[in-house]
Amino acid sequence: MKTEIILKEGYPFIIPSGVLFIISLLFQFNLFWQLVFFAFFAFFVYFFRNPERIPEDESKGAVISPSDGEIMEITQAVAPILNKEMIKISIRLSIFDVHVQRSPIAGEITAKEYIHGLFLSVGNEKASELNEQHRVLFSNGEKVVVNQIAGFITRRIVDFGVFGRVKLAQRYGIIMFGSQVDLYVPKNIKIKVTEFQKVKAGESLIGFLNEN
């Protein structure tokens, strides 16, 4: 199946802003408003882009970033769904990052949890606990959890309905307009990233599982 260059989830934003821009030209609106409508149209097209990505490493045990953004923290925490202590890698997205999330490992999606909550700014230390979030469990012998967290502007997480077998870096969801993604991996991982490093979903190598 051909991959969408622009996600259909963006059409409700792209089409109205495009129509307003065309109307502003046809009716010769003030240049200021023409530029405003064009800026919104261009931003929404850019935001909902859906580029192809090739993982840096596809060898056995490789864990690839599930999200674009900047790694804000690498720490130990109790993982949702599994309720066990794992290594948590928190990735902060800006509105200029690609917001599609991808499978960090090849295997299966075996569980999902959608938690209704608040919409605190992702800079708030309580956001990862109290905000609206969508948790997905990936399994292939080892278990990895990805938690999509809505932010103050976001307010919407879209699940693409993927369940069962997944390929490495396969798209499975999107968060709208700035947010955070927490990746929980087993403690036996050999981490290849550092805090404040920029990563790309489906491309950047996070580390290798089953490493002592």
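Coordinate-derived values only; no laboratory data. Here the structure is a predicted model, which means the values were calculated and not measured. FYI the Cβ positions are ideal-geometry reconstructions off the backbone, even for glycines, and counts take in every protein chain you see.
Each listed q (0.15, 0.17, 0.20, 0.33 Å⁻¹) maps to a log10 I(q)/I(0) for the range 8-47, found by the Debye formula over equal Cα scatterers with no solvent: -0.30, -0.38, -0.51, -1.03. Only one of the listed values, [x] 17.7; [y] 12.7; [z] 10.9, was derived from the coordinates as mean projected area of the Cα convex hull in nm²; which label is it? The calculated read-out lines up with [y]. Dividing the mean sequence gap of close Cα pairs (under 8 Å, 6+ apart) by how many residues the chain holds gives a relative contact order of 25 percent. For the range 3-68, the set of trypsin sites (Lys or Arg not before Pro) satisfying both a DSSP loop assignment and a count of at most 15 other C-beta atoms within 10 Å is given as 60.
Extension gain, residue 159-residue 115: 0.36 nm per intervening residue step, less the Cα-Cα distance, totals 14.6 nm. A full extension of the chain between residue 34 and residue 4 corresponds to an added length of 8.0 nm, given 0.36 nm per residue minus the alpha carbon distance. Legend: calculated FRET efficiency, residue 45 to residue 195, from the Cβ-Cβ distance at R0 = 45 Å, rounded to 0.05, equals 0.90.
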